[in-house]
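The block underneath contains the structure these notes are about, expressed in structure tokens.
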Amino acid sequence: MLLEVSHLDVAYGDVQVLWDISFSVEEGKVIAVVGANGAGKSTLLKTISGVKSPRRGEIRFQGERLDTRSPHDIVQLGIIQVPEGRKLFAEMTVEENLLMGAYHRRRESNIAPDLEHVYELFPRLQERRRQKAGSLSGGEQQMVAIGRGLMGRPALFLIDEMSLGLAPLIVDNLIEIVGAINRQGTTILLIEQDVQLALENSDYTYVLETGRLAKEGLSRDLLGDPEIKEIYLGM
């Protein structure tokens, strides 16, 4: 397994948000974590990224402990997050934002091919590379956020609520590109409120409910699960 999370408890002060979370991410797969707003999905990603420290439990990446490391160290290991809400530098250009994704690689001389790869995936960004990121549409900003993440050469790509607030056609285009990124060898952990989108575009899914893992299984099997249909798919 590329990533292993074991018996994780996470709290904000006295308020516990995650209880006894255990799951794994197999290398080369798209793994989804789904659940309603407030289920604890973003807190889980923040803990994997080192932004939050767990109260209990441990996280291992390629067999090494993560939960004692700083966010900087975790990025250096190749765990890159696309945050909810994009979090772009609005006054910087598209290309400047993309280059910020390679900041920890700034001493390398081979960043240009990665930038070209991002522009191949997102031709629209090449057209707008001199434009301020804050002036882009929501879909274009999400492209920049994903592209910025790719500039870090992720071994594990954490994508938080990619579809939030975007039109269905834009989401369809983005999820196709995420699939292409995975086929090129990048393991993806996809965090989504849109349960159907996640189930249809992942290999294995964990269902998070009020901070606890309620269900897990092959995504294609969960699509047919009566409880999932009733609670999350409105059937």
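The values are calculated or read from the model by the stated rules, or taken from the named source; none is laboratory data. It should be emphasised that the depicted structure is a prediction, and the values quoted were computed from it without experimental measurement. Positions of Cβ are backbone-derived with ideal geometry, glycine not excepted, and every protein chain shown enters the neighbour counts.
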message: From the list 94, 33, 10, 15, exactly one residue is of a type in the set (A, V, I, L, M), under 27 Å from residue 179 (Cα atoms) and in the same structural domain as residue 213 (by TED's automatic domain parsing). Which is it?
response: 33
message: Just checking, does segment 54-64 include any residue being in contact with a Pro (Cβ under 9 Å, 6 or more places away or on another chain), at pLDDT below 95 and not acidic (Asp, Glu)?
response: no
query: If you take the residues of segment 144-185 that are assigned to a strand (DSSP E or B) and at pLDDT 95 or above, which of them is nearest to residue 66 (Cα to Cα)?
result: 156
- request: Within segment 122-135, track down each residue that is in contact (Cβ under 8 Å) with a residue 40 or more places away in the chain and surrounded by 16 or more Cβ atoms within 10 Å (Cβ to Cβ).
  value: 122, 132, 133
field: Checking residue 89 against (1) of a type in the set (Phe, Trp, Tyr); (2) farther than 18 Å from residue 210 by Cβ; (3) modelled with pLDDT of 95 or more, the condition it does not meet
entry: (3)
message: I need a count of the residues in segment 51-69 that are over 20 Å from residue 212 (Cβ atoms) and surrounded by fewer than 20 Cβ atoms within 10 Å (Cβ to Cβ).
response: 8
query: Out of segment 5-19, which residues are touching a Gly at 6+ places or on another chain (Cβ under 8 Å) and either assigned to a loop (DSSP other than H, G, I, E, B) or closer than 18 Å to residue 217 by Cα (or both)?
result: 5, 6
query: Across segment 11-38, what is the number of residues that are under 13 Å from residue 210 (Cβ atoms) and buried (at least 23 other Cβ atoms within 10 Å of the Cβ)?
result: 3
query: Which of the residues belonging to segment 40-59 are charged (D, E, K, R) and either within 14 Å of the chain's Cα centre (by Cα) or not assigned by TED's automatic domain parsing to the domain that holds residue 70 (or both)?
result: 41, 46
field: For residue 83: the one exception among (1) surrounded by 15 or more Cβ atoms within 10 Å (Cβ to Cβ); (2) more than 18 Å from residue 181 (Cβ to Cβ); (3) modelled with pLDDT under 95
entry: (2)
